[in-house]
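See below for the structure under consideration.
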Amino acid sequence: MTAAAAAHTGMAGEASADAELRTLANLPIGEALARLKSSAEGLSAAESAARVKVVGPNRVVSQVRAPILLEIWRRARNPLNILLVTLASVSLALGDLRSAAVIFAMVALSVGLGFVQEHRSSQAAAKLSAMVRVRAAVLRPGAAEPQAEPIDDLAPGDVVRLAAGDMIPADVRILTSKDLYVNQSALTGESIPAEKHADAPGPPTDDLVGAVNLAFLGSNVTSGFAEAVVVRTGPRTAFGHLAGAIVGLAPPTSFDRGVAGVARLMMMLILVMAPLVFLINGLTKGDWLQALFFALAVAVGLTPEMLPMIVTMNLSQGALDMARKRVIVKRLNAIQNFGAMDVLCTDKTGTLTENRVVLKRHLDVDGRDDDAVLVWAYLNARFQSGLRNIMDDAVLAHAELEDHLDTHGYRKLDEVPFDFQRRRLSVVVAGRDGRPLLVCKGAVEEVFACCTRYRLGDEEGPLDPRHAATARDVAARLNADGFRVVAVASRTFDAPKAAYSPADEAGLTLLGYIAFLDPPKASAGPAIAALAAAGVGVKILTGDNEIVCRKICRDVGVAADPVCLGADIAAMDDEALARRAPEVAIFAKLSPDQKARVITALQKAGHVVGFMGDGINDAPALKAADVGVSVDDAADIAKESADIILLEKSLEVLQDGVNEGRRVFANIIKYIRMGASSNFGNMFSVLGASLFLPFLPMAPIQVLTNNLLYDISQTAIPTDRVDAEYLKSPRRWEIGQLLRFVLVVGPISSIFDYATFALMLFGFHAWGRPHLFQTGWFVESLLTQTLIIHVIRTTRIPFLQSRASTALIITSLAVCAVGIALPYTVFGAALGFEPLPAAYWPVIAAFMLAYAILAHTAKRWFVRRWGI
């Protein structure tokens, strides 16, 4: 390994790596490139690939796929599994090998199934993610244009070109720049973009992130453009060190908190029940060791050990289903947030419209066709090198105007890049006469603000109120017809300047307008109507003006009133905006920060908010939303901020996502409701039986076997169908609703447990036959627990109006068959079971039918009283 390569591997430690970066920051550009064994043209593809082999791919810790054994370990170390392994270890230490084996089997089942399903969904997502990898514009010697290459393949010494919307692909040293501003909030917490340029920072400083000629992975370009040389990649970057320290510590979502709340509730129940069962059985039966074994078994039985697996399998199955629809789920929990979403905020472009912008009109300030306006617009689009958009592409489609540029010999002198505060962009060119000409285009009002004169053909004069009103009226009429309007203006300087800035966008001459048409999308209206029917309101958040937005909304049948403008939002405090936001249909002329404020205001008003965006100006809103959605051709920062990426920008796909989120949530709730209500009922049964029986109501190994078989029957829940009525409204965690359900349905199982106790004790005289009693309760408990999922899974009449998935029916029947046959087998005898009398079966069948009817009746009352 060469000395230069070794410097970039981090072998000398983080301190020496920072010292090397500090040295590079303080060297002149030529010396810095020489130290990196590079040049202003960058590395050859072969040299770059060779360096990647030495230093590794440009990925931080959180992006590197964990080895399979590490994935299994991460699944195994959740608190519920740790509790089970502890109980198994206690059983092992006390000599109860059979119980320990059954508990370990439960853990293996939960971890194994969860791992397999999550691994499958991760592989599917990885295949799709490869299609939308973030790329960098990389300079290669001899190449006329920068090459778009995956940032994973960057090596120290590569030279990259940066523009607004780009992620900083590594830790880089700026070589050239123009009005470059970088958002470094991921590293500094400071939301105001920092200006960067190629000048050396002066005296060495410990604040590397603050160095004006360094930019870091995890940042993004908000405006301007630059060329920079890669210095550090992957885990050696500043962001890589930070990610390595905090990986896995993402803040919990409402979904995470809901699952954790259920787990805590069950753990509290265990902490109360297990000691109580131990004391009651120890005191009433005198065998403290057996009482301890039984208490441990009851603790295992009350543990929702399959909850992590059920959650993972449901979310992973949802991710797989979405992957088949060409949707990449970057964060599994976002699927459930889809189901809870009741407000979707989106821009109109590409969702309400076809995203096929066509340049239709080029007009002077009086609204007459004027080819000269198109020439000026082409000049601006042709020479600008910053944030290019689909409107620039539509202008550049007029390639015949290249001859005009060649005839006049235009060459670029400078550029004032676009930003979202000015909302305009200017290029400065010079023709054969050498006089600098500034050509500006941008949002109508923002360009108007810089204009003091107008031009109509050969006529030119001051932009007085009469001409200004005429010009504004032309723009308003175009907007009302659905056109997106861009104003064009110019200014001629007497002599060149060393550099140009936004201050030079003054005293401009208004030339006219270019008008674009983005046709309404025929499918948008029905898709929004379907979302509304599903309880999801759609709000438009756009930087465009309200007139064209209203026109598009009316064309697709979307509410176009009321409207709130960015200026209105700027005048509101957060509380006022939270009161106003839920009432508004269209938010227009918004800045990026105002989009995020609207999202936050809606959340404060109690809504679960999704946001769909694809531009650099959408990144703050994507981060603020409960579920952020972007598309594969979005700006780098938008894709990085999103939870879900669509390979096709479509509201219909979002509707599928909403339904998938609700289906996932429904199946998770089925398991939780069933497990919690069953455990609540079992608590009364175990405590009561322990008080009056002279023997244990069920042997510890029998409790564990019952629990294992029941767990197996639940593994198919992620495949289950969900009734259409459940998908009609948003779903979110409500612990209070869960507790009410448990209190209503839970005690019903105890009624039939006690009926079984009476049957065994008085019908079959099992007072002196503990094995017969235990067998009878084991079978009844297993059959009723397995049956109850089919009652709880639907608000309809089970089996008749709503049928479970084939997989769930098969696992339920299989487990019931095993439970019925077990007392008649050698294995059953080893577990302490004995054959049941023939008269037992018709009575238990009647109990099961009565249990199903009573549980369904209670469930229907609950739904009428408190909803689904």
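The values are calculated or read from the model by the stated rules, or taken from the named source; none is laboratory data. Only a predicted model underlies this, so the values are computations on that prediction, with no experimental measurement involved. In this analysis, Cβ positions are derived from the backbone assuming ideal geometry, glycine residues included, and neighbour counts consider all displayed protein chains. Just the protein is used for accessible areas: all its heavy atoms, side chains included, with ligands, DNA and RNA removed. Shrake-Rupley method; radii C 1.70, N 1.55, O 1.52, S 1.80 Å.
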Selection from the stretch 755-772 of residues that are closer than 15 Å to residue 820 by Cα and of a type in the set (Phe, Trp, Tyr): none
- prompt: Which of the helices (runs of 4 or more DSSP H) contained wholly in the stretch 259-354 include at least 3 residues that are surrounded by fewer than 24 Cβ atoms within 10 Å (Cβ to Cβ)?
  reply: 288-302, 307-324
message: Being in contact with a Cys (Cβ under 9 Å, 6 or more places away or on another chain) and hydrophobic (A, V, I, L, M, F, W, C) narrows it down to one residue among 443, 475, 480, 468; which is it?
response: 468
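Given the criterion among the polar types (S, T, N, Q) and under 29 Å from the mean Cα position of the chain (by Cα), identify the matching residue among 715, 705.
Exactly one residue qualifies, and that residue is 715.
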- line: Among 44, 48, the single one that is within 24 Å of residue 146 (Cβ to Cβ), within 36 Å of the chain's Cα centre (by Cα) and modelled with pLDDT of 75 or more is 48
- prompt: Only one of (1) closer than 30 Å to residue 324 by Cβ; (2) at pLDDT below 85 fails for residue 149. Which number is that?
  reply: (2)
task: Consider residue 535 carefully, then state whether it is outside any helix (DSSP H, G or I) and closer than 30 Å to residue 398 by Cα.
output: no
query: Is at least one residue of the stretch 512-526 open to solvent by 30 Å² or more (accessible area, probe 1.4 Å), touching a residue at least 60 places away in the same chain (Cβ under 8 Å) and part of a strand (DSSP E or B)?
result: yes
message: Tell me the residue from 718, 747 that is buried (at least 16 other Cβ atoms within 10 Å of the Cβ) and either within 30 Å of residue 533 (Cα to Cα) or of a type in the set (Asp, Glu) (or both), please.
response: 718
field: Output for the stretch 825-860, where each listed residue is in a helix (DSSP H, G or I) and either acidic (Asp, Glu) or without any contact (Cβ under 8 Å) to a residue 60 or more places away in the chain (or both)
entry: 826, 827, 828, 829, 830, 841, 842, 845, 846, 849, 853, 857
message: For the structure I just gave you, tell me whether residue 449 is at pLDDT 90 or above, open to solvent by 50 Å² or more (accessible area, probe 1.4 Å) and out of contact with any strand residue (DSSP E or B) (no Cβ under 8 Å at 6 or more places or on another chain).
response: yes
- request: Can you run down the residue pairs with Cβ atoms below 6 Å, 6 or more apart or on separate chains, where the first is in the stretch 595-612 and without any contact (Cβ under 8 Å) to a residue 40 or more places away in the chain and the partner is in a helix (DSSP H, G or I) and of a type in the set (A, V, I, L, M)?
  value: 596/621; 596/624; 600/624; 601/577; 601/578; 601/581; 604/578; 605/578
- line: Of (1) in a loop (DSSP other than H, G, I, E, B); (2) open to solvent by less than 40 Å² (accessible area, probe 1.4 Å), residue 540 fails just (1)
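Just the residues that are hydrophobic (A, V, I, L, M, F, W, C) and at pLDDT 75 or above, please, taken from the stretch 71-91.
72, 73, 76, 82, 84, 85, 87, 88, 90
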field: Pairs, first within 12 Å of residue 605 (Cβ to Cβ) in the stretch 568-579, second open to solvent by less than 70 Å² (accessible area, probe 1.4 Å) and part of a helix (DSSP H, G or I), C-beta under 6 Å, six or more apart
entry: 577/601; 578/601
- prompt: in contact with a Pro (Cβ under 7 Å, 6 or more places away or on another chain), of a type in the set (Val, Ile, Thr) and either within 25 Å of residue 353 (Cβ to Cβ) or buried (at least 17 other Cβ atoms within 10 Å of the Cβ) (or both) - does that describe any residue in the stretch 583-599?
  reply: yes
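Here's the yes/no breakdown for (1) under 28 Å from residue 831 (Cα atoms); (2) in a helix (DSSP H, G or I):
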residue	(1), (2)
742	no, yes
751	yes, yes
756	yes, yes
789	yes, yes
800	no, no
message: Tell me yes or no: at least one residue of the stretch 617-630 is farther than 17 Å from residue 220 by Cβ, at pLDDT 90 or above and over 17 Å from the mean Cα position of the chain (by Cα).
response: no
field: Verdict on residue 487 being aliphatic (A, V, I, L, M), in a strand (DSSP E or B) and open to solvent by less than 30 Å² (accessible area, probe 1.4 Å)
entry: yes
message: Residues to consider are 411, 361; find the one that is within 30 Å of residue 525 (Cβ to Cβ) and open to solvent by 30 Å² or more (accessible area, probe 1.4 Å).
response: 361
Matching entry among 99, 110, 48 (being under 24 Å from residue 832 (Cα atoms), open to solvent by less than 70 Å² (accessible area, probe 1.4 Å) and assigned to a helix (DSSP H, G or I)): 99
